[in-house]
1. In nanometres, what is the gap between the two model label sites at residue A:205 and residue B:238, each 7 Å from Cα along Cα-to-Cβ?
2. Kindly work out what percent of the DSSP beta bridges joining two residues of region A:54-189 are antiparallel, to the nearest 5.
3. Calculate how large, on average over all directions, the projected area of the Cα convex hull of chain A is; give the answer in nm² to one decimal.
4. Per the Kirkwood definition applied to all pairs of different Cα atoms, how many angstroms is the hydrodynamic radius of chain B?
5. Going by C-beta contacts inside 10 Å, put A:124, A:138 in order with the fewest on the left.
6. Only bridges with both residues in chain A count here: give the DSSP antiparallel percent, nearest 5.
7. Give me B:162, A:179 ranked fewest to most by other Cβ atoms within 10 Å of their Cβ, as a rough exposure proxy.
8. From the Cα gyration tensor of region B:63-179, with a ≥ b ≥ c the square roots of its eigenvalues, which class applies: rounded if a/c is under 1.5, or else prolate if a/b is larger than b/c, or else oblate?
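Rule-based calculations on the coordinates, nothing more; no lab input. Remember, it's a predicted structure, so these values are computed and weren't measured experimentally. Neighbour counts are summed over all protein chains in view; Cβ atoms, including those assigned to glycine, are modelled from backbone coordinates with ideal geometry.
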């Protein structure tokens, strides 16, 4: 297995608060990695550092062995790091097809509708994105991530606000995506994480508390204390 | 490009060409002025309508072209074509420099920064009054507006010739706008207007695209300013004042932001409104103000913007 993404000593301070502190983290090509942790553990800060939306206070980020720490977010996207927003961020006033076309870097052109087909929105291509139901907007967000043809797809709490039926569909979708792409999944929904992830990284107060297979993490006493409860 | 888009924009140009054969001398002069200023509005619309960046300082770019052309002809001994070229180059340089600074801000801060730069430019014009002649202005002599082009003697004092030159500029500006709007750049600008964060996270260099829009827009303004100075033989500081930063915004809003022909229609309508109102009242601006308020209340997307929303979805 080759390492796709690696962080070395990655830290981010907001004033006196260490949101992310000295994180050494590796994602292998082809895996589905979940990052979990209690609220305020630094999950979103951590993926924001990886995607380049914020700059780290210290440490380096390597993508395919190349140092991308200094690259702006858009350049990292071009290198293959795609980020889907925790709070749905689509072009509300544009058509579903144009949303995907922009993601595929063929705005105004006839981009392939294949990403829409993969998430099951192909029949809504001409609809204005803002008129989609919330669950469908989340799917469009994922379709845009897919249209970027990323090497690493970061899904930041993708199931937030979805119904149980929608979450079931979503699990199938991520499994399908994971056949071609590496997925970094930030999630609160534990059953979903247990089902999808190959490996799980647990963040607590900005540091890695534990890492391993779902079974290992579930059995870890420290994780249980910090996060999972006794369930 | 779809046939009806070409047809519509072509028809507007043809109609304007035919206008000179039926219109009075006064109407021809007004239409010339409208067409020159419509070029300014077309450029403004690229930045405001498509990229969603509201500049309150475009008078500085208009004035850049205006004074570059006027001073080029009167002080630097340039012929008219050279002065146009000189003004365009100045426009590109000034808008690039200002753009690099102003685009570091966004939203209200961007509006303030552009406004401040423009006011500074206006005060600079007044400060160097012995060169710019302040609000009295530079008057270009008739013999300085005569030049030869491909062996023909061209005299810009001829109103019909002047009209057709303005028409050519307008046609080129419309064509350039259409090309930009329908290109990848145009679509990315709309994407930035709609959701800047998302656009950056789709791998677009948002700063670069905004700068492209800013420089295009500033260069259109400078070219329009140069045409204004050379066709009407005058460059005064009023044309660098804040009023001329607000004008293109109003014209664009009236005609329809983010439609190619909107700014042209808006410029024309505003002139006609002022003309019409000043025929029966000295408070013509009050009348125009009321019309604008009604417009914003009932047609917030402007005339062509509303038409596009209700009828012509294909309008670029």
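1. 7.1
2. 25
3. On the way: hull surface 50.1 nm².
About 12.5 nm², averaged over all directions.
4. Details: mean 1/r = 0.0502 Å⁻¹.
Kirkwood radius, chain B: 19.9 Å.
5. Working: A:124 19, A:138 25.
Sorted ascending by nearby Cβ count, the order is A:124, A:138.
6. Of the beta bridges lying entirely in chain A, close to 55 percent run antiparallel.
7. Working: B:162 24, A:179 7.
Starting with the residue having the fewest Cβ neighbours, the order is A:179, B:162.
8. On the way: a/c = 2.50, a/b = 1.44, b/c = 1.73.
Verdict is oblate for region B:63-179.
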